[in-house]
Structures are given as structure tokens and as C-alpha cells.
1. By its C-alpha gyration tensor, with a ≥ b ≥ c as the square roots of the eigenvalues, how is the range 306-373 shaped: rounded for a/c under 1.5, else prolate for a/b larger than b/c, else oblate?
2. Would you be so kind as to identify which of G344, F269, Y475 lies farthest towards the positive end of the dipole of the chain, taking Lys and Arg as +1 and Asp and Glu as -1 on Cβ and the Cα centre as origin?
3. In Å and whole numbers, how far do the C-alpha atoms of the range 450-569 stretch along each principal axis, longest first?
4. In sequence order, what are the phi-derived ³J(HN,Hα) couplings for the range 380-393 according to the Karplus relation 6.51 cos²θ - 1.76 cosθ + 1.60 with θ = phi - 60°, rounded to whole Hz, with x for glycine and proline?
5. Dipole of the chain, Cα-centred, from +1 at each Lys and Arg C-beta and -1 at each Asp and Glu C-beta, to the nearest 20 debye?
6. From the C-alpha coordinates alone, can you work out the Kirkwood hydrodynamic radius of the range 94-213, in Å?
7. Whose amide H sits under 5 Å from the amide H of S353, counting only residues 5 or more places off or on another chain, with H placed in the peptide plane?
8. Mark the label point 7 Å from the Cα of A293 along Cα→Cβ and return the residues of the range 328-361 whose backbone N is within less than 18 Å of it.
Amino acid sequence: MKIAMRRGRIIRITLGLSIIPLLYLLFTYSESHKKFNEIYSKKLVSKIREPFLASEGYGNFEPIDKEVHHGPGEGGLPYIHEGSNSDDSEIEYGMNMFISDKISLNRTIRDTRPKECKKWNYPEELPSVSVIIVFHNEGFSVLMRTVHSVINRSPQQYLEEILLVDDFSDKNDLKEKLDNYVERFNGKVRVIRNVEREGLIRTRSRGAHEARGEVIIYLDAHCEVNKNWLVPLIAPIALDDKVMTVPIIDGIDHKNFEYRPVYAEGHNFRGIFEWGLLYKENELPKREEKKRAHSTEPYDSPTHAGGLFAINRKYFLELGTYDPGLLVWGGENFELSFKIWQCGGKIKWVPCSRIGHVYRGFMPYNFGKLGEKKKGPLITINYKRVVEVWMDEQHKEYFYTREPSAKYLEMGDISEQLALKEKLNCKSFSWFMENVAYDVYDKYPQLPENTNWGELINSATMKCFDAMGRQPPSYISLQPCHGYGNNQLIRLNAAGQLGIGERCVEADANGIKLAFCRLGTVDGPWKYTEAKTLYHRTQKKCIAVHPVTSQLSLMPCDVNNSYQLWIFKILKPR
Ligand code: UD2
Ligand code: MN
């Protein structure tokens, strides 16, 4: 068979290939397709309300899906239930389980791939795959829809197993329900359980050790994989086992389960970060687009969101999986990204592999005992470990400029991580910034140092500047000081930018507000004077508190008026 492949290029478009190999492929795929359905569909059908979607395509060529599917949420459409369509489940699970329970576990979803994706050809010899799903107290139908979508839309010859790793869930009947349910998959779906809460990071590492496939693919427990998601994701790894691949993540609405793409077709994005280690996505720079002949070819990305990716299992173990000192949630995506790039690997995003993920509005679980053990905010501690292991002095400083209180956090021992970095002969962070993550500087330039930071206390009222966790644009108010930082942690840098988190403080006729910082800039109009006023250089006025309403605004400066005087008080985490 003519599988067009060239060194340095993973896959090639089949345009121009003759019809014969095309028919041949179509035939072999529908054969394996049939076999696959013989194994699974009958068993599933008996239990499920909706028809089994045997015609959901996988392989290179889609069988044309002529079946019409009725029922809630089919085609990935939102399901709005008449009458009340919410219950307490949104608070318990972060998503509406009442709605999810009404939607078929085998529902169809919209094929969101760019059209070009249907024309790619992939090698047939591909590694076996363990799909690993870690979960803690997830809703049953959402978790099972993840499993069903994988089974329905993956060629069985590559799918070794689906490994469910239960991170010590303690919801009533989840355990029994799950154990009973997975029996129907005849061993294809395996459940293992932590004996205590480990957090998602360590649980994923455990999954890597226990998995049987050559390649492991991680999914969150609330996903739906799309048409032909698997093969494009593992093909690059078959060619180079130091490549980690990442699918394009579509959104599934947490209230009505609508499946929809996050970005418009034809636009490629990649993962970057800003200096406080907030994960960001940035349109693929021209320089990267030019490296490829086709917009749907996999492309380099400095980082990834964390949840969904594929990696050669042995390679992941050689990298030490995740740093075991990272706890529960957060920062592990950067640890793995920096480690891979700096130590000789690559991260590629794959436009032709699409997976939907339910973004919840908030975290429905707490961090259990692991959260209590650590002093200070656990996620920032994770970030600090990552920064201290992988960044160099210059870039560490940018992190501490953005997260000044992190300097005081106890991060534990990182000597093993540093030894691993040494052993694997890893490159510097500057190398990574110059060669891979160069577009970070366009959006988030090198940060000037802070001249002042901490709580910003008004001398007359002894109350604090507070962004109140509102989204910009919004007005800043004066609140009792709480000492925890967060929305009350204010920074003034040497270029006059007054910032809270990654947002900026601006003034208009109605007050003092929180605004998006202008991308690519780090300066601002503010000056903290010797008299302790906050002076706006262009308006030539000072920030003042209204004695009666406590509202903030710009007023003609008066250094004798304590409603215009401010003190920065450094915050050490408690
Ligand atoms: C994102 C990632 C998530 C993870 C996280 C940072 C995506 C789409 N999601 O947040 O995968 O990288 O950033 O760490 O990129 N879980 C456990 N034990 C726990 C807590 C969570 O097993 O103690 C499970 C949870 O059930 C879920 C997965 O871990 O299956 C990810 O957790 P999440 O969905 O709450 O994270 P998310 O999507 O907000
Ligand atoms: Mn998630």
C-alpha cells in the first residue's frame, strides 16, 4: 500500500493518490470497524436507550452517516429541558447532571475538524494505546460518556484498554455502579483505585505505571472524543517517540452539554503562559505556520493545557512522569512541557484530533488532606517548584515579580528534580524561550521590577484596595483588609504600571478601575510619591477615597488629606 510519508513530515495529503489504494483502505477500515462493533455494540445496545452509533466514523475515511439520531443533545446540540432544567448537581459536580443523565452515552456530536483532515493518510502500523482517565467524584453519566465515546470512535486494533483511575472518590454509589457497569466491556475497561486521595497529578503518574499500552493518552473524566481522534494523535509518536501530542480541545457546555469548537476553523492556536504561570493560548506565529505545507499538520507548541495528551509510556517514565512533589492540581502542565522541550523532546498540537471537554465554572471538590498539610496556596507552591527547577535566574525573577508573595512559600525539596535535569542533560530555560516559546515575549514582555507591592491601605480609613474578583472592566472598591493577598495584592512596577494579578489599574471619570493590561506592554501612568500619594502622571491627579461613600476616584492632589495617602504593606503567606 502506498502510504506517503517523508522524513521530517509526519503525514502527507493523499490528494493525487489513485482511487485503488483509497478503496483498499476503505475496505480494510470497514472490516475492522465491523469486527469492532461485533464485540461491543450488541452488549451496549441492550442497556442503552439510544441507538448505538455504529456508523460514527473512524479510520481515514468516514462512512457517510445517514442515520438520523433523535433525542436530547444529539449532534452535539444543547439540550434545554422544558420546565426546570437544573438541580443541585451543578453545585455538587460543577455541571448539570440532570441534563447529562438525559443525553445518550452514545450521542452523535458535530465533526469539528477542518475539512482537510479527511484527506490525510496515516500509517497502519501504530502502537497500542492505553487511554487513562483519572477521576475524583465525577458524575456517572459524564464519566461513562467519556468511555463510550472512546470505544465508539477508536479503531479497536490500537485500543489496548481504557484505564480508569479512581482518586479515592467517596460519593455514595459511584463505586458499585461503576464496577457493575464496566463488566460489559469484557476487560477492555479496567478500574483501579487509590487507597487515599492523591490528587490528579500523582494519580496520573500512577496510571502511567499501571498502563499496558505502548502509548498512553490522558483524558479528563468529562470528555467526548470526536471523529477519528485517535490515529492522528498517535501517528506522530509512532514516528518519533520523544514527541508528545495534544488534541485540539473543543468545549462542552457545563449546563446544556452543547458541543462546540473554541476557535474558528482555519485558526491555529498554541499554548503559552504569562509570567505568573497563567496558562494562555496564542494564535500560531507566522514563523510556525511557514514550517508546514498544510494548516492541518501538527505544529510545535511551547506548553499545553494539561488534561488531554498522548505520550510514549516508556518515554514518560524516563522523564520521571510528573514531579511527585506537585500536589493535587495545577502547574503539572508546565512541569511536563518545560521538561520535554528542555530535555530533547517536542510537543505537537494536532489539528485533526478533536476532543470536547466540559469546562466547569468552578472546582466542585476540595483538596482533601493534601490541601491541609501545606501552608500557603497549594497551586502557587506547585508553580514555585516548577519555576525553581526549570527556569533560570532571569526568568525566575519575572515569576516573583508577578507573584511576589511566592518568595515566602515553603516548596519542599527539589534536589531530585534538579538531579534529573542534570542526568538528562537538559537545556536552559533561555534556550527554550529563544527557540520555542519566543512568542511569549510579544504578549508578556520581560517585567520591570516592582518598586512596591502588598496590600494597599488607605491612611484615613485603614481599608484596602480590592478588585473583588470581578472581571475587567470593573470598578475597584475599598474593603476591610483581609491579609490573604489575592484580590488585595497590588503591585507597582518601575515603569509605572499598577497591577492586580495579571490585570491593570486605570482611572476614568467615574472611578478607579480594573482593566485588561494592553498586551505587549508593561508600563503605566502611576507614581507612588514620597508624600505617599498615588499620582496619575497624565491626568496630574491623585487617587482619593470619598469620605462618605468610600468610592475611589482621581482628585486634585492634596498631600495633607489622609484620604489620598496610601501605604503598601508586604504580605507574607500564612
Ligand atoms: C485543567 C486540565 C486538567 C489539569 C488541570 C491542572 C484540561 C482540559 N484540564 O483543569 O486536566 O491538568 O488543569 O492540574 O486541560 N481529579 C482527580 N483528583 C483530584 C482532582 C481532580 O483525579 O484530586 C480528576 C478530575 O476528576 C478530572 C481531572 O482530574 O478528571 C482533571 O481535573 P479538573 O477537570 O477539575 O481540571 P480542569 O479541567 O479544571
Ligand atoms: Mn476538566
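1. Values: a/c = 2.61, a/b = 1.25, b/c = 2.09.
It comes out oblate by the Cα gyration axes.
2. Checked the options; the winner is G344.
3. Principal-axis extents of the Cα atoms in the range 450-569, largest first: 37, 30, 26 Å.
4. 5, 5, 4, 4, 4, 4, 4, 4, 5, 7, 9, 8, 9, 4
5. Values: 78 positive and 73 negative charges, 164 e Å.
The calculated dipole for the chain is roughly 780 debye.
6. Working: mean 1/r = 0.0626 Å⁻¹.
Across the range 94-213, the inverse of the average 1/r is 16.0 Å.
7. I248
8. Inside the label zone: 351-352.
Read-outs throughout are calculated quantities, based only on the coordinates presented, and are distinct from any laboratory measurement. Values in this document were obtained by computation on a predicted structure and should not be read as measured data. For neighbour counting, all protein chains shown are included, and Cβ atoms are generated from backbone atoms with ideal geometry for every residue, glycine included.
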